[in-house]
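Read the structure below first, then the notes.
Any read-out appearing in this document is the output of simple, stated calculations on the displayed coordinates, not a laboratory observation. Everything numeric in this text was worked out from a predicted model, so none of it was measured. We place every Cβ from the backbone using ideal geometry, glycine too, and count neighbours over all the protein chains shown.
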Amino acid sequence: MNARPEMSSSSSRDEIPDDFKTELLDLIPFLRAFARSLCGNQEMADDLAQETLVKAWQSRETFVAGTNLKAWLFTILRNQFYSDRRRAWRRAPWDQESAERIPGTHDDQNWAAELSDTARALRTLSDEQREALILVGAGGFSYEDAAAICHCAVGTVKSRVARARRALIAILDGDEKLPSDQRSASDAAKEIMSELDRLVPDRTMLRSHDGDNDSDDEEET
Amino acid sequence: MQSANAMVTEEDNPEREKARAIRARQRAIGRELRRMFDEVAQEPVPQDFLELLNKIDEAGQAGKKAS
């Protein structure tokens, strides 16, 4: 792993690709998973993961050999996520149709079909709490790595994770509509759909082209 | 919710019970988080990712030759 040659000099360029590419390739599944957890929406998440790959490739010479490539990639992905979102907000924060394209906001129903109660509760956390919890709780990062990825202090990550856990429990236990871990995802989806219908009568406007979990009531165990 | 005081011994058990329940809940949530993450991570990598990686590689090689 840390036997990779130095990447600073321009003459080493020829040695980078294969090695680096193979490692990128190996980490794609984790990038996709992290992107999905940030965006909620699969299509948008994969776009984000691909943007990350391109960015990583372009700046591959700034990666310090022997350090944590996964953490480096996650940092790029996370920066990209927030800058995309800032751009989207700037463009037209009042416009529902662009709001649809803002990750982590109105598109959450795309994930609803496969959403467990925990996943739904996760969407209600603040971005900071959610990402900290995912990095540490699911991504297998140390508090130190998570702090580096999120550009904050280790103590901050620790407290975000702790607060996120408490908040999830409060949400899951406090909401009588989320009684057990056994409830089917399609029930959860239907609930979100009807809630959306109530809040946004013109919901079709918010949906892209997945329209497959809207009208069918089939139970998927 | 309850007047949880050490004075009433019967209250002790429910408190301990509650703490245990919370810990169990935390573990369950942790498992669920990992499950969600792993579920995506275990999906086969879509073809367009592989194509993208090849494409940027070629582009890089071409750019290098051009310069």
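For segment A:113-150, the residues whose backbone nitrogen is under 17 Å from a point 7 Å from the Cα of B:Arg31, taken along Cα to Cβ, are A:116-119, A:137-138. Calculated FRET efficiency, B:Asn13 to A:Arg163, Cβ-Cβ distance, R0 = 35 Å: about 0.80 to the nearest 0.05.
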